[in-house]
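> Here you go, one structure.
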Amino acid sequence: MGKLLRVSGLSLAVWLAGCQSVNTTRAGAVGVERQQYMFSMLSTQQVNQMYEQSYQQTLSEASRQGALDNSSANAKRVNAIAQRLIAQAPVFRPDAAQWDWQVNLIDSKELNANCGPGGKIIVYSGLIEQLQLSDDELAAVMGHEIAHALREHGREAMSKAYGTQMAQQGIGALLGLGQDSMALADQVVQLGMTLPNSRENENEADLIGLELSARAGYNPEAAVSLWQKMARVSEGAPPEFMSTHPASGSRITALQGAIPKVLPLYQQAKGKS
């Protein structure tokens, strides 16, 4: 096992040599300053283009089904909230002012929402209706998703996938491992690289989303009630959203601890409105 770990570390070092160190966003009041590593051959533009095909397919399918909603009261709510949040995105990264932001509501019972690379926002009506989200809670969801896009967590995850593949190949080539050992190597790489960062990414999206919503004039306390609702619905059959956004007591505690940092920004924004 010691030799396996050393070789895994060597493969990781080779992968890191092909990466560039970046920090996609400014720290903000919440202080998100983690250094990120992106695979140098995987640019922001490439990731945006990769996502575009999937995004357009989702919209086309919703349109064929008559589920692409641009005119309902909920669609107008989603768009209005999105525009206020988008206006604050350049606080974290100035180039976001030039992104091709798009906002969509899909009429579906699905409890889901996302913001893909480059600012492509999709909200599903089931999330709003089944959880009976207030504007503040909806802003918390959307702010969280926008934060993932600003931090380029999708590109970061793809970079890690490249690293996993390279580490597998490197270990196999150097040790001549069979299938069982390769599975073990894969587990080592997954546990050593992927899982801790994915938790970190969720925390970053929580914090940046909290600040975005506060700067946009939405009550940051709503992030707590939002995840409390999420925790309740996850007790049965967890919705798709919860598979990648697990609600937990520690998450809610972290949000409560960060609220005092952004409360003055919320009060300032409310004073201007």
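The values are calculated or read from the model by the stated rules, or taken from the named source; none is laboratory data. Computed from a predicted structure; not experimentally measured. FYI the Cβ positions are ideal-geometry reconstructions off the backbone, even for glycines, and counts take in every protein chain you see.
> Out of (1) more than 17 Å from Thr24 (Cβ to Cβ); (2) in contact with a helix residue (DSSP H, G or I) (Cβ under 8 Å, 6 or more places away or on another chain); (3) assigned to a helix (DSSP H, G or I), the odd one out for Ala96 is which?
Status for Ala96: all satisfied but (1).
> Can you tell me how many residues in the stretch 219-248 are modelled with pLDDT under 85, in a helix (DSSP H, G or I) and more than 19 Å from the chain's Cα centre (by Cα)?
1
> Considering the stretch 60-74 alone, what residues qualify as being assigned to a helix (DSSP H, G or I) and either under 22 Å from the mean Cα position of the chain (by Cα) or without any contact (Cβ under 8 Å) to a residue 12 or more places away in the chain (or both)?
Once the filter is applied, which keeps residues that are assigned to a helix (DSSP H, G or I) and either under 22 Å from the mean Cα position of the chain (by Cα) or without any contact (Cβ under 8 Å) to a residue 12 or more places away in the chain (or both), the stretch 60-74 yields Ser60, Glu61, Ser63, Arg64, Ala73.
> Here is a further query. Specify which of the listed residues (Gln57, Gln46, Gln83, Gln53) is modelled with pLDDT under 95, surrounded by 12 or more Cβ atoms within 10 Å (Cβ to Cβ) and part of a helix (DSSP H, G or I).
Gln46
> Hey, can you tell me all the residues within the stretch 24-41 that are closer than 13 Å to His153 by Cβ and aliphatic (A, V, I, L, M)?
Those that are closer than 13 Å to His153 by Cβ and aliphatic (A, V, I, L, M): Val32, Met38.
> Which of the residues spanning the stretch 113-137 are assigned to a loop (DSSP other than H, G, I, E, B) and surrounded by fewer than 21 Cβ atoms within 10 Å (Cβ to Cβ)?
Gly119, Gln132, Ser134 - these are the residues of the stretch 113-137 that are assigned to a loop (DSSP other than H, G, I, E, B) and surrounded by fewer than 21 Cβ atoms within 10 Å (Cβ to Cβ).
> When the stretch 260-273 is examined, which residues are found to be surrounded by fewer than 19 Cβ atoms within 10 Å (Cβ to Cβ) and either modelled with pLDDT of 95 or more or of a type in the set (Gly, Ala, Ser) (or both)?
Pro260, Lys261, Leu263, Pro264, Gln267, Gln268, Ala269, Gly271, Ser273
> Related question: What single numbered condition from (1) among the hydroxyl-bearing types (Ser, Thr, Tyr); (2) over 22 Å from Gln53 (Cβ atoms); (3) in contact with a Phe, Trp or Tyr (Cβ under 7 Å, 6 or more places away or on another chain) fails to hold for Ser134?
Only one criterion in (1) among the hydroxyl-bearing types (Ser, Thr, Tyr); (2) over 22 Å from Gln53 (Cβ atoms); (3) in contact with a Phe, Trp or Tyr (Cβ under 7 Å, 6 or more places away or on another chain) is unmet by Ser134, namely (3).
> Quick one: what pairs do we get from the stretch 140-152, first residue farther than 19 Å from Tyr266 by Cβ, second of a type in the set (Asp, Glu), C-beta under 6 Å, 6+ apart or different chains?
What qualifies is Arg151/Glu204.
> Do the conditions hold for Arg64, that is, is it out of contact with any Leu (no Cβ under 6 Å at 6 or more places or on another chain), under 24 Å from Val123 (Cα atoms), modelled with pLDDT of 90 or more and basic (Lys, Arg)? Walk me through how you get there before you give the answer.
On the way: out of contact with any Leu (no Cβ under 6 Å at 6 or more places or on another chain): yes; under 24 Å from Val123 (Cα atoms): yes; modelled with pLDDT of 90 or more: yes; basic (Lys, Arg): yes.
Yes; evaluated as a whole, the condition is true for this residue.
> Within the stretch 23-43, take every residue that is among the hydrophobic types (A, V, I, L, M, F, W, C) and surrounded by 15 or more Cβ atoms within 10 Å (Cβ to Cβ) and give me the one that is modelled with the lowest pLDDT.
Of the residues in the stretch 23-43, the ones among the hydrophobic types (A, V, I, L, M, F, W, C) are 27, 29-30, 32, 38-39, 41-42.
Those left that are additionally surrounded by 15 or more Cβ atoms within 10 Å (Cβ to Cβ): 29-30, 32, 38-39, 42.
Values: Ala29: 97, Val30: 97, Val32: 96, Met38: 86, Phe39: 79, Leu42: 76.
Out of the qualifying residues, it is Leu42.
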